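A quick write-up on the structure given underneath.
The values are calculated or read from the model by the stated rules, or taken from the named source; none is laboratory data. What you see is a predicted model; the values in this text were computed from it and never measured. All Cβ positions, even for glycine, are placed from backbone atoms using ideal geometry, and neighbour counts span all protein chains on display. Note: accessible area is taken over every heavy atom of the protein model, side chains too, but ligands, DNA and RNA are not part of it. Shrake-Rupley method; radii C 1.70, N 1.55, O 1.52, S 1.80 Å.
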Amino acid sequence: MTREEKSYWERTAMRSLGRRRLLGGAALAGAGAAAFGLVGCGDDDDDNGGNGGGDTPVPGATGTTAPQATPTMAPKKGGAFTVGGTGTIGGVAPFSSNYGGVRAIASCYNYLIVNSVLAPKMGVIYDLATEHKAEADNITWVFKLRADAKIAPNKFGIAERPLDADDVKASFDYIADKANGTNGYAPFAQYFDKWDAPDKQTFRLITKKPYAYTESVISNNLYTPILPKEWIAKGAAQLKTDIVGAGAFMVKSITEGQGWELVPNPNYWEKGKPYVDAHVYKLFADQVTWRTAFQAQQIDSYDPQNADEMKELVKAEKGLSQFSGPSISYNSFWMNIKQKPWDDPRVRRAVNMAINRKEYIDLIGRGSGEPIGPITYAFEAEALPDDELAKLQPFDAGGAKKLFQEAGVSEFKFQHPTASNIADYVTIFVRQMQAAGVTAKAEPLDAGTWYGQYQNSSLTASLSLNQQYNTPDLAVTWYRTGGITGNDRFSTGFSDPEVDAAIDKAASTLDAKERAKAYHDLQRLLYKKDPAFINFFGLRSQSVARPHVMNYPYYGATNINYQLNKNVWINKA
Amino acid sequence: MTRYIIRRLALAALILWVVSVAVFLLLRVAGGDPVIIQQGFNATPERIAAVHKELHLDEPYYQQYARWMKDMLTFDLGRSSFTGVAITEEFRARLPVSFQLMLMTMAWTILLGIPFGVISAVRRNSAPDYGVRVFAVFGLSVPAFWVATLVLMIPAEQWGYAPPLNKTTSIFSEPWENIRQLGPPSLVLALAPMASVMRLTRSQMLEVLRADYVRTARAKGLNERVVVIRHALRNSLVPVITVLGLQFSGLLGGSVIIESIFNLRGLGQYIFAAILQKDFAVAQTLVMFTAGTAVLSILVIDILYVFLDPRIKYT
């Protein structure tokens, strides 16, 4: 008899022990309860990487107290790995999901490889590919595929056959088709030239020019999941509500507004993995509820909003594993230079000078964060050194005031979405501009209206939320002619051939040291041009997990974190 | 009476039609393209145009409205354009949660609001009266979302306890879990209605207790309990019932925040998300459902008057 088949009274009898344990635990928790802390709301996406998996922590990650797996501890099978998040699932469209559904997508589909610029020590983890190499021309990449990747059982009539190079080609074809509006379209269109499947076990990708981030782009869980070709043929509506792949997990249930439950794919090639019997994702309305569920032992991990909150939780519950590392998530100020006063470079420069990044870090990041330029500090090599950054974008309210006066600007308007986590930014921004002698008039728009106008580039100026780019080249496309998507959507209108050439050069430089220098030079050039997209600061991300969650390696904010949940195991009797 | 009901039903239909036009137009003139929100950052203009066509958003408003009305009248509610899930499926899953929350809220309101209002009136200017009045002011003045947040956070901080926050429980298969889950939010949601019912019951009772017929009842030597319950309370209830009806119809709207805080997968949470996501199909349908519930409950209350107060007659 399964759990579902037991009567209420049987289950009540079984739970009586659990309730006694709860009361005992309550007494302990009460004794060590921490002070009530600020927990605001925030959108979730994947900024904190709370449910990462794998075996290698991200560089810069600190402070784990977890009894992590050691060679002497053999992984145990069974148990459930239960995580949480805020926001929405928003369907599971594999190539265009921007919401919570991406976590399920990444766990149930395959990727050729798993690799991130943000976790260089991790190297390349092979997934569907078993080996790969770049040819001498530096534009041809050859991937050898495993023969034992087999599609999971499903109710949609997709045969449980091996996944092969034709499926990879079909997936790439779909991503590159402009009409499909996929997440990966921009890098594909910009850098990838063609691809083919010479045989079932070989996939070949040819880039337009040498491209330093090819491996990152094809690892990105938002961009390049590999689907069975007949599943792709079912069409976008079907792909949005169900998953059929050959990944470590398969879907047991997806409930919009509530979460999903994944179970092991019995056809998965790595025998014994995933270790857990279930991977459960619970959706919470906001950060408060998410935290409460963690404190009440309803989930195994939680991503605190800042270091203070993590300290509170660790103080209140002994033995928690804690993780902290750079986050690629940051907020920015976007200016439409087709409109006044942003067409005047002095005004753009004045805004940048009026921004006191330290105040944002102190008030929003609770002292935990770094000022950033066009490339976030999380990209250690490509970001400008702190001292140079401080010179290139100095906080100088007096200087800003002078520039505003010279430009004849005493007030300007800007728009922002009415998301709860942007209110503090708006307040600080308005105050800082006031200190520089201008009145910044905030115009709140509901998220949908704001996003529509942002996409059409019809906003005057805007606070832009939650920028996340897994490679430096994507982050700097904000400064490229045509904007972030290359077709004038979300475009500031900024256009400079010299900048475009510098962006191309940096992304095409394969030597790491030379590439870092190219990105430094690009950023110096950008400051000379008074860019219309200004970044504030990069947060640090935090995560806590219960000590029974083994192999909870922390990958910060990379877009590879969900592909590796197969390594997690639960160390419970 | 029958004519009255028919007339009221016709009026209800008219109100619902006006609501349908208003919600249809307001969602569209509020700005923002639902397709852009749904399709994400990289959707091409071609893809956006294709989805517009798929969702009939490229048609003139009057055609869109006619299509929606036809679908509503044939109970073909369609799918959420954001999640792709059938609205009827979501509705079926979420309605019991919201309905139970509303019923439990009304149960708290009636079971606590009326008796304490009566006690407060009967024992005027005593400690219980002061207690009830203070509680009523508290219930009316503190925002429910604040109380809800504290109700959720304090036990979690102090004892590591929280109601089930991410599952849908059934009163039939998991009664204890279900009460743990819906008890606290319904109590929080009932705070304000309970307080107003307490105050209203108290004031109505005070008025009635001074009436001649109550004095006569007492002079006849009737037991005080009989005087209060049978003679005074019944006559005090008509305005209370009116208020209860209005409160019930407004609960679905009020539950939006409470459902979100307690992570209940109900209709309030669904409508809130739909409005934010510009999910026209879902938002329109749910607003119509909310309006329908309000209109119907007001009608039911009007009919109940007849039974509560024989002096009232509808023609």
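Alpha carbon centre of the stretch A:370-420 versus the stretch A:175-208: separation in Å?
36 Å
Longest segment of chain A with no trypsin sites (Lys or Arg not before Pro) in a DSSP loop having at most 16 other Cβ atoms within 10 Å?
Details: sites that count: A:R3, A:K6, A:K76, A:K77, A:K155, A:K200, A:K208, A:K234, A:K271, A:K318, A:K338, A:K529, A:K572.
Here the longest segment lacking exposed loop sites spans A:339-528.
Can you tell me the relative contact order of chain A? Whole percent, Cα pairs under 8 Å, sequence separation 6 or more. Mind dumping the intermediate values first?
Working: 1281 pairs, mean separation 142.5, N = 573.
Over chain A, the number comes to 25 percent.
Can you bin the stretch A:130-283 into rounded, prolate or oblate? Criterion: square roots of the alpha carbon gyration tensor eigenvalues sorted a ≥ b ≥ c, rounded for a/c under 1.5, prolate for a/b above b/c, oblate for the rest.
On the way: a/c = 1.88, a/b = 1.52, b/c = 1.24.
Taking the square roots of the gyration eigenvalues as a ≥ b ≥ c, the stretch A:130-283 is prolate.
Of all DSSP beta bridges located in the protein assembly as shown, what percent are antiparallel, nearest 5? List each step's numbers first, then the result.
Working: 53 of 68 bridges.
About 80 percent, rounded to the nearest 5.
Rounded to the nearest 10 Å², what accessible area does B:I37 show when all protein chains are kept and the probe is 1.4 Å?
In the full protein context, B:I37 sits at about 20 Å².
Go through A:K318/B:K167; A:K144/A:K517; A:K194/A:K505; A:K208/A:K517; A:K155/A:K282 and tell me which ones have a Cα-Cα distance over 29 Å in this structure. Don't skip to the end; give the middle numbers.
Numbers: A:K318/B:K167 27 Å; A:K144/A:K517 33 Å; A:K194/A:K505 21 Å; A:K208/A:K517 22 Å; A:K155/A:K282 24 Å.
Pairs exceeding 29 Å: A:K144/A:K517.
Step through the table entries A:K413/B:K278; A:K77/A:K572; A:K358/A:K413, compare each Cα-Cα distance with 19 Å, and write down the pairs that go over it.
A:K413/B:K278; A:K358/A:K413
Looking only at other chains, what is the average number of their beta-carbon atoms within 10 angstrom of each beta-carbon in A:258-267? Can you show the working numbers first?
Numbers: counts 9, 3, 0, 0, 0, 0, 0, 0, 0, 0.
Mean shielding by partner chains, rounded to a whole number: 1.
Where the centre of each part is set by its Cα atoms, how far does the stretch A:438-484 sit from the stretch A:502-547, in angstrom?
18 Å
Once the other residues with Cβ under 12 Å from the Cβ of B:Q269 are scored (Lys, Arg +1; Asp, Glu -1), what is the net sum? Numbers along the way, then the final one.
Working: positive: B:R94, B:R265; negative: A:E256, A:D286, B:E90, B:E259.
Net charge around B:Q269: -2.
How would you classify the stretch B:72-127 from its alpha-carbon gyration tensor, with a ≥ b ≥ c the square roots of the eigenvalues: rounded for a/c under 1.5, else prolate if a/b is greater than b/c, otherwise oblate? Don't skip to the end; give the middle numbers.
Numbers: a/c = 5.54, a/b = 4.29, b/c = 1.29.
Prolate shape, in that a/c is at least 1.5 and a/b is the bigger ratio.
Under 20 Å from the Cα of A:K402, which aspartates and glutamates turn up, not counting those fewer than eight places away in the same chain?
A:K402 reaches A:D343, A:D344, A:E411, A:D530.
Size of the dipole of the protein assembly as shown about the Cα centre, Lys and Arg at +1 and Asp and Glu at -1 on the beta carbon, nothing else charged, in debye to 20?
Working: 91 positive and 83 negative charges, 716 e Å.
With only Lys, Arg, Asp and Glu charged at Cβ, the dipole is about 3440 debye.
Could you size up the charge dipole of the stretch B:206-310 around its Cα centre, putting +1 on the beta carbon of Lys and Arg and -1 on that of Asp and Glu, and report it in debye to the nearest 20?
Numbers: 9 positive and 7 negative charges, 92 e Å.
Dipole size: approximately 440 debye.
Determine the dipole magnitude for the stretch A:330-538: charges of +1 sit on the beta-carbon of Lys and Arg, -1 on that of Asp and Glu, nothing else is charged, the reference point is the Cα centre, and the result goes in debye to the nearest 20. Before the final figure, lay out each step's value.
Values: 23 positive and 26 negative charges, 95 e Å.
Here the size comes out at about 460 debye.
Compute the orientation-averaged projected area for the stretch A:68-209 from the convex hull of its Cα atoms and round it to one decimal in nm².
On the way: hull surface 47.6 nm².
Value for the stretch A:68-209: 11.9 nm².
Using just the helices of the protein assembly as shown, give the 222 nm mean residue ellipticity in deg cm²/dmol: DSSP H runs with n ≥ 4 each add -39,500 (n - 2.57), and the total is spread over all residues, rounded to 500.
Here the helix-only value at 222 nm equals -14500 deg cm²/dmol.
Cα gyration tensor of chain B, axes a ≥ b ≥ c as square roots of the eigenvalues: rounded (a/c below 1.5), prolate (a/b > b/c) or oblate? Display every interim value, and only then the final one.
Numbers: a/c = 2.94, a/b = 1.65, b/c = 1.78.
Verdict is oblate for chain B.
Quick one, can you get me the convex hull of the C-alpha atoms of the protein assembly as shown expressed as volume per residue in Å³? The partial results should precede the final answer.
Working: hull volume 176.0 nm³, N = 888.
Cα convex hull per residue, to the nearest whole number: 198 Å³.
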